[in-house]
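Notes follow the structure.
The values are calculated or read from the model by the stated rules, or taken from the named source; none is laboratory data. Keep in mind that this is a model prediction, so the values were computed, not measured. Neighbour counts run over all protein chains shown; Cβ positions are idealised from the backbone, glycine included.
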Amino acid sequence: MRSRLRLIVAALTAALAATPAAAARLYKWVDEKGEVHYTDTPPPEAARHDRAILNEQGIAVKRLEGEKTPEEIEAERRRRAAAEARRRAEEARRRHDRMLLATYGSEADMVAARDEKIATLDGLIRITRQRIRKLEGELERLRRRAAEMERAGRPVTEELRRRIRETRAHIRANRAFIAAKRREQDEIRAQFERDIQRFRELKAEIAAREEAAARRAD
């Protein structure tokens, strides 16, 4: 095989000797059937394959990538997007690790911070419940007024109907607010549970590094 390659290179080199230096290139490429080709002028179909430019000794001095199909281009785009997503996720994790170590000195500090956040939301929930009770009292008064008008044979005014609708809407909105704050509390508990576990891991890693450094110092 090597002798054959040398003969091919020698023949093509001799043929190229009469051409301008810029054009004196020998290309090597492999087609779909696995056959190796050597030529100074690659045919159009060779553009689909990776090619190597050889010097006079038959050594590859440069490589050219083959043209990609639309499917290959899309697959490459997806690979790059996935790699970028992994890189960003890793960087976000490192930033979060630095934040944990810089913000908290112990697990007790984290538990206290978690409980404070939850207590703050509990306060908002209590205030909202008081608002709902007032709104429900107002709604009951409006309903009684409407019922009295109906018993008296008078039509319920549009203004009264509007106030009833708005009061009901306010009650629904405040109940939705409470539900949202309950979900936020659940998210806080879950996030702190993950953070506390990660904090333990980071502290263990730091302790292990410090212990290893102390052993090397001894």
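Structure notes:
- Residue within the range 95-118 that is free of Cβ contacts under 8 Å to residues at least 60 places away in the same chain, among the basic types (Lys, Arg), out of contact with any strand residue (DSSP E or B) (no Cβ under 6 Å at 6 or more places or on another chain) and not assigned by TED's automatic domain parsing to the domain that holds Ile196 present: yes
- Of all residues in the range 177-201, those that are free of Cβ contacts under 8 Å to residues at least 60 places away in the same chain have Cβ atoms under 6 Å from Cβ atoms of residues that are in a helix (DSSP H, G or I) and among the aliphatic types (A, V, I, L, M), 6 or more apart or on another chain, in Ile178/Ile125.
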